[in-house]
Amino acid sequence: MICSVLLWTERAGAQDTLQLDFSRPVDRLDLRHQLSVFTGEATPATAAALPFGKDTSIFHPRKKLLHRQNDCWLRLTIRNTGPVDSMLYFFAGWQEQLRFYAQNASGELQLLSSAGMMMYEPDGDRWDRYAFPVHVPAGQVRTFFLHITNPYYRENELMPVLYDAIHYAQFRHHEADLYKAEVLVIQIVIGMLLVLLSITIINYIQLPDKPSMYFSVYLLGLILFFCLRLETKPYQLSFFHGIPLLKYYWDVPALIGCFYFMSMLFGSAFLNLRERFPLMSRYYFYSNIFYAGCILACFVSMAMGNFVLPGEIFTWATFASLIPFGISFIALGRRMRHHPLIRFFLYGSLSLYILSIWSFLRNTEPVPFTPLPELVSPYLLLVVGVLLQSLSYAAGLSYRNKLVHQEKTRTQELLIKQLNKNKELQRKLNEQLEELVREQTTEIVRRKTELEEQRKLQMEAEYSKKFAEIELKAIRAQINPHFIFNCLNSIQLFVMQRDYEHAQKYLSDFSYLIRKTLDFSRRNFISLADEITYLNTYLGLEKMRFEQKMSYEILMDPTLNTAELEVPAMLLQPYVENAVKHGMNNEEHTTGQLTIRFTMIAHDMLECLVEDNGIGIERSRQLRTLPGHHQSSGMEISFNRAELLNKMYNTGIQIEIIDKSTRETQDSGTIVRVLIPQL
């Protein structure tokens with residue numbers, strides 16, 4: 001009984017420990033039954049104490065669809081029964097993360113090497129690390145642990161085997177040949193897509209439009225997708241090995257973005273669905289919102305560490321779109337006759353869909369119901385479908401550009417014909433307009449000349465009439481009846497007093513004044529010497545009438561040439577008369593003082609000042625408001641006469657009347673300032 005138990009224990013230990021002669025050839029030795037398995041998360045510190053067991057269900061010879069992250073530990077205990085100290089190679093497939101440990105004498109795990117498709121390894125020999133060296137001295141036993149982590153939606157083949165150095169080299173060469181053929185196909189596809197992208201960009205530069213832009217983005221997504229496909233193929237030139245996670249982040253989102261989102265954007269703009277088929281345009285719009293949400297959900301789930309959910313999202317999104325897309329393709333096919341561009345969009349889309357369905361139906365991989373290209377074989381049909389779709393879209397764009405070019409050519413020809421007609425019509429119209437303009441111009445010039453002549457005659461008549469009226473008023477104002485009456489009374493008084501000398505002088509001056517007044521009334525300008533003589537004669541008569549109550553003086557700048565300077569005839573006389581009238585009525589002064597100054601303030605400006613010490617302007621206005629008081633209009637007539645002379649002769653005569661009481665002085669009286677330009 002004891003011997004039986006010992007025999008059973010020996011057999012059990014023999015099954016747990018692989019007895020192997022390392023000196024003999026080892027070619028793909030299956031280790032599934034010699035490995036102990038633990039499925040779950042653990043750390044290297046606790047791995048030795050894990051409850052390992054026999055579980056061959058986790059092993060599979062082909063790719064496998066994962067519904068959750070696969071995290072497992074494999075334990076291998078091996079005894080070298082051979083006489084030599086040699087080395088074998090433990091290979092478990094091209095997994096995402098692999099860490100190989102050996103248990104030392106104290107029972108702790110020591111990391112020997114690591115590899116993985118999701119791990120960044122900068123050197124070029126990273127593919128050689130997937131086969132872990134197993135070194136067991138002759139006659140000794142060692143225990144090894146392999147930690148496998150596959151967080152993605154699919155897992156490559158997981159078949160643990162052992163090789164010796166020679167057979168492992170043969171296996172490497174065989175695998176490299178297989179992958180090189182597949183990589184060559186991918187590189188050819190990338191080259192073709194780059195050519196299509198270059199052509200599309202050139203067409204977009206020549207004719208910028210939305211379909212070309214969307215197709216360029218579609219091609220860029222596909223190029224990046226196939227470049228990242230190389231990251232999952234060992235023994236090849238990699239483009240993005242420094243960013244291992246990029247191939248996972250771009251895999252499913254690129255499929256949804258290129259084959260659904262960008263294809264629908266391209267189709268909507270390419271077929272102009274918004275104007276031609278509004279209902280289908282709305283369907284494409286809401287579908288794009290759905291696919292944009294799917295892409296966002298994929299990125300969010302991968303950012304949270306869940307790489308399995310994007311594969312399920314792609315599966316359900318693909319099968320959910322089959323019926324709606326089939327209906328839209330049928331609807332578009334019925335309108336193919338009326339829209340020649342529909343055939344290109346339909347041929348491209350249907351080629352990819354049909355080949356995808358055919359590849360799915362002919363799938364030889366033992367995977368569940370899924371349309372993921374990574375798990376569907378034959379994979380080459382999907383590549384052909386992608387190329388046919390891209391070529392069909394590119395041909396459609398070329399044909400569309402051709403139609404646009406033909407339409408532009410026809411439009412330009414029509415525009416040229418219409419432009420020629422317009423030029424001929426414009427030439428005739430210009431000739432008619434020129435003739436009409438010449439006639440109208442002649443008529444306008446004639447009428448303008450007539451109007452100018454009439455206006456000049458009318459203005460001359462009006463000016464003559466106004467000037468005659470003002471002259472008459474000036475004569476009447478200057479030959480004041482009261483002044484004449486007073487002069488005659490004075491002459492009569494001198495005669496009665498037998499003062500014949502004064503009477504004769506008074507009569508002579510009075511007759512000179514009347515004669516000059518009548519003479520000056522016919523002239524607009526007189527010399528300053530005549531004006532001074534006239535004023536001096538007038539003031540002499542007034543002084544003889546007022547006797548000792550009045551004194552006056554006429555002051556001139558010695559440099560004045562009175563014979564050459566001209567002033568308006570009798571312009572100053574009304575102001576002088578007004579000064580005599582109000583200057584002699586100031587009760588504060590027994591004698592009225594009147595001063596007349598002539599000064600050249602500039603080389604062409606004569607200043608005339610008439611100053612008195614009378615009652616001033618304000619007191620004069622108050623007296624004029626009294627009933628029965630005489631209101632002289634001589635000053636107003638002189639002001640109007642000055643304005644009329646300014647208009648007729650373009651002079652700048654200025655008249656200013658200043659009340660001396662407004663200044664901060666104790667004097668009273670008035671200053672009349674007249675500026676007369678010398679033409």
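The table for this structure:
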{"quantity": "Extension gain (nm, one decimal) between Met459 and Asn536, 0.36 nm per residue minus Cα-Cα", "calculated": "24.1 nm"}
{"quantity": "Label-point separation, Phe329 to Glu407 (7 Å along Cα→Cβ), nm", "calculated": "2.7"}
{"quantity": "Amide H contacts of Arg62 (H built 1.01 Å from N, under 5 Å, at least 5 apart or other chain)", "calculated": "Leu158"}
{"quantity": "Difference of contour (0.36 nm per residue) and Cα-Cα distance, Glu656 to Leu675", "calculated": "6.0 nm"}
{"quantity": "Carbon plus sulfur fraction of accessible area for the chain, probe 1.4 Å, in percent", "calculated": "58"}
{"quantity": "Among Thr590, Thr411, Ala320 - extreme Cα towards positive end, dipole of the chain, charges at beta-carbon", "calculated": "Ala320"}
{"quantity": "Span-like helix ranges in the chain, DSSP H, alpha carbon extent 30 angstrom or more, Kyte mean at least 0.0", "calculated": "165-206, 278-303"}
{"quantity": "Peptides 300-311, 573-584 ordered by average Cβ neighbours within 10 Å, highest first", "calculated": "573-584, 300-311"}
{"quantity": "FRET efficiency estimate (nearest 0.05) - Cβ-Cβ, Asp209 to Glu424, R0 41 angstrom", "calculated": "0.70"}
{"quantity": "Of Lys210/Lys417; Lys505/Lys581; Lys210/Lys421; Lys247/Lys402; Lys543/Lys660, those spanning more than 29 Å from alpha-carbon to alpha-carbon", "calculated": "Lys210/Lys417; Lys210/Lys421; Lys247/Lys402"}
{"quantity": "Förster-model FRET efficiency, 51 Å R0, Tyr500 and Val445, C-beta, rounded to 0.05", "calculated": "0.10"}
{"quantity": "Efficiency of FRET from Cβ geometry, His338 and Tyr235, R₀ 51 Å, rounded to 0.05", "calculated": "0.45"}
{"quantity": "Cα extents of the chain along the three principal axes, largest first (Å)", "calculated": "199, 74, 47"}
{"quantity": "Cβ-based charge dipole, region 31-105, positive-most Cα from Phe59, Ile78, Gln97", "calculated": "Phe59"}
{"quantity": "Estimated distance in nm for a label pair at Asp519 and Asn489, the labels positioned 7 Å out from Cα along Cα-to-Cβ", "calculated": "3.0"}
{"quantity": "Mean separation of Cα contacts under 8 Å (6+ apart) over length of the chain, as relative contact order %", "calculated": "8"}
{"quantity": "Where labels lie 7 Å past Cα in the beta-carbon direction, separation of Glu182 and Ala320 in nm", "calculated": "3.0"}
{"quantity": "Potential extension, Ala165-Leu644 segment - 0.36 nm per residue separation minus Cα distance", "calculated": "159.5 nm"}
{"quantity": "For the chain, calculated [θ]222 nm from helices alone, where every DSSP H run of n ≥ 4 adds -39500 (n - 2.57)", "calculated": "-18500 deg cm²/dmol"}
{"quantity": "For the chain, accessible area per residue (1.4 Å probe, heavy atoms of protein chains only), Å²", "calculated": "55"}
{"quantity": "Residue (of Leu539, Phe270, Tyr552) at the positive-pole extreme of the chain, dipole from beta-carbon charges", "calculated": "Phe270"}
{"quantity": "Qualifying aspartates and glutamates (Cα of each under 16 Å from Cα of Lys408; at least 8 residues distant if same chain)", "calculated": "Asp209"}
{"quantity": "Beta bridges per DSSP with both ends in the chain, % antiparallel, nearest 5", "calculated": "85"}
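The values are calculated or read from the model by the stated rules, or taken from the named source; none is laboratory data. Just so we're clear, the structure is a prediction, and the values are computed from it rather than from any experiment. Glycine gets a Cβ as well: all are built from the backbone with ideal geometry, and neighbour counts include every protein chain shown. Ligands, DNA and RNA are excluded from the accessible area calculation, which covers all protein heavy atoms including side chains. Shrake-Rupley method; radii C 1.70, N 1.55, O 1.52, S 1.80 Å.
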